[in-house]
1. Among the helices (runs of 4 or more DSSP H) contained in segment 13-130, which hold 1 or more residues that are crowded, with 21+ Cβ neighbours inside 10 Å?
2. Just a yes or no: is a residue in segment 31-49 modelled with pLDDT of 85 or more, closer than 24 Å to R270 by Cβ and not β-branched (V, I, T)?
3. Just a yes or no: is a residue in segment 351-360 among the small types (G, A, S) and under 22 Å from G42 (Cβ atoms)?
4. Could you grab the pairs with beta carbons closer than 9 Å, sequence gap of 6+ or different chains, first residue in segment 368-394 and without any contact (Cβ under 8 Å) to a residue 24 or more places away in the chain, second one surrounded by 16 or more Cβ atoms within 10 Å (Cβ to Cβ) and of a type in the set (S, T, N, Q)?
5. L245 versus (1) at pLDDT below 85; (2) in a helix (DSSP H, G or I): which is the lone unmet condition?
6. Could you tell me whether A362 is surrounded by fewer than 23 Cβ atoms within 10 Å (Cβ to Cβ) and either acidic (D, E) or farther than 19 Å from I133 by Cα (or both)?
7. Can you tell me which residues in segment 446-473 are modelled with pLDDT of 85 or more and of a type in the set (G, A, S)?
8. Could you say which residue among D500, D527, D476, D571 is touching an Asp or Glu at 6+ places or on another chain (Cβ under 6 Å), at pLDDT below 85 and on the phi < 0 side of the Ramachandran plot?
Amino acid sequence: MVDLITQSAFGEVATLLVLAALVGLAGMILRQPLIVSFIAVGLIAGPSALGIVRSNDQIRLLSELGVAVLLFLVGIKLDVKLIRSIGSVALWTGLGQVAFTSIFGYLIGLVLGLGHITSLYVAVALTFSSTIIIVKLLSDKREIDSLHGQIALGFLIVQDLVVVLAMIVLSAIGIGASAEGNKGAGGSVPLALASGLALVALVVLFVRYAADQLTERLARQPELLVTFAIAQAAVFAAVGDAVGLGKEVGGLLAGVSLASTPYRETLSARLAPVRDFLLLFFFIALGATLDLSLLGAYSTAAIIFSIFVLVGNPAIVLAIMGVMGYRKRTSFLAGLTVAQISEFSLIFVAMGVSLGHVEPAALGLVTMVGLVTIAASTYMITYSHQLYALCEPVLGVFERRTTPRETGAVGEHRGARYTVLIFGLGRFGTAIGVRLRNRGIRALGVDFNPLVVRRSRELGLDAEFGDATDAEFIADLPLRSADWIVCTVPAHLTGLSHEDTQSTVIQLTRAAGYQGRIAVTSHSAKDTERLVQAGAGVVLEPFQDAADRAVEILCGSKQQERPNMGPMEPDEEEVRNEEETEPRITQR
């Protein structure tokens, strides 16, 4: 039946899509990103397994379009203003990781007998981390705005710049190789350089005089804007390929041409599904070229390189961030995000294969490393907080005695006296802090999101960046003067369950010598009972109370009265609307 369906190109593609959906579902159950599933589809559909892939030209065309769209989305993120705003930690840590991985990866390749050129290609390929995976996992954990999440995004920007330079260097090498082989005008170095300068000049002129106006007009029809973006990526890729620069550099320049427009985020969001769909065919084409029987010769090298990426990349990030004055926890969580290679690694080596610099077996080696590191790092990032708890005793060597980059209560608020300490400055925590301030009660808020800390300070609250599950940080807080500790930290900021997060705060504050009362939040009756047993003096149930108040208002049994307290800060109005009443409490 399968052979009958796959006799036509349409039936073949339909079969591949069904296979991709099934393998993707299995990958989702195993909490693996789509990249792993797509590579697996290519291997299963390739000649080493089911042998479904026969329409090589059609699949190659779709894969090339997918690469052009992927690099277009990389280019659209390279806004000049954004590049200028890169912090020193992202710059130096990103460059340090790239240099460390390249140098030591190259040396490892030589020791394994891969040869100079192959070792260089593999080493550079190992420097790229997957933007798709990191952003997706951090977003799912709601850590994209945390300090380590922001630093990780900085890494990605630096690595994207390295990708651009690497692609340009490869294109230049390809031009030289074509010229030496006398392959026609397309391989002419002067023509390619002149064409490249002309493309860059066209991008500059387009950005300055046409990009904003054109995209604004096209944005009135969102479908037309997306069609234009894909057309721009395809045309630039085709021109780049025609003049010898390569489709990859053309796609990058197309993205850069729209990077400064106000619609770049909209384009990124709308093109992401198109990119993922087309990249499926890139990985299918990749898998169809791999002979699994030949990969055994590189199994030892793949294991060694995988361990190097999984351990070495996070270690260098830990070392650099430690020297720059960050806490070991922040350094560890940020370092885990570079413990894998990306789809760019495969594209980079594939370019080397097309240029004749490396054998196809090198692409198989990098593919194996990609499968291992992407699969392993997904679990490492997902369970990063639990992994930190296991590794914490040996991470002290990566932290300075003082951590000036993460100034906490030990610095600005040493010796200060606070009646209430609030862990978690979300809507509920901020609402509590605002009301305490209005009553003249001094409160210190603590949160692990630097943006939240900044917002709280703008509201006039005393706030510090810190981790509620870090024993050393807890011990440095002004606990002796506090009568109350209030913990409203949501579970997703710690990697623990909600109950475990609150219990950890209770245990750490008691271990640090705190003798006052502790109030924690609960979202279920079961958690309330357990938290009381864990030592909470008061358990707040804001969601239950909000429901009770809503029913009272809807039934008209109680008029909603608000005292005139004068003008409020912007965010205070939002928290007042949601957290107006005294919360339901359970006391021990």
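The values are calculated or read from the model by the stated rules, or taken from the named source; none is laboratory data. Every value quoted in this text rests on a predicted model; they were computed, and no experiment measured them. So basically every Cβ, Gly included, is an ideal-geometry build from the backbone, and we count neighbours across all protein chains shown.
1. 34-45, 56-76, 88-111, 116-125
2. Among the residues of segment 31-49, not one is modelled with pLDDT of 85 or more, closer than 24 Å to R270 by Cβ and not β-branched (V, I, T), which makes the answer no.
3. The answer is yes, given that some residue of segment 351-360 is among the small types (G, A, S) and under 22 Å from G42 (Cβ atoms).
4. A389/T469
5. All conditions pass for L245, except number (2).
6. It is false that A362 is surrounded by fewer than 23 Cβ atoms within 10 Å (Cβ to Cβ) and either acidic (D, E) or farther than 19 Å from I133 by Cα (or both).
7. Those that are modelled with pLDDT of 85 or more and of a type in the set (G, A, S): S456, G460, A463.
8. D527
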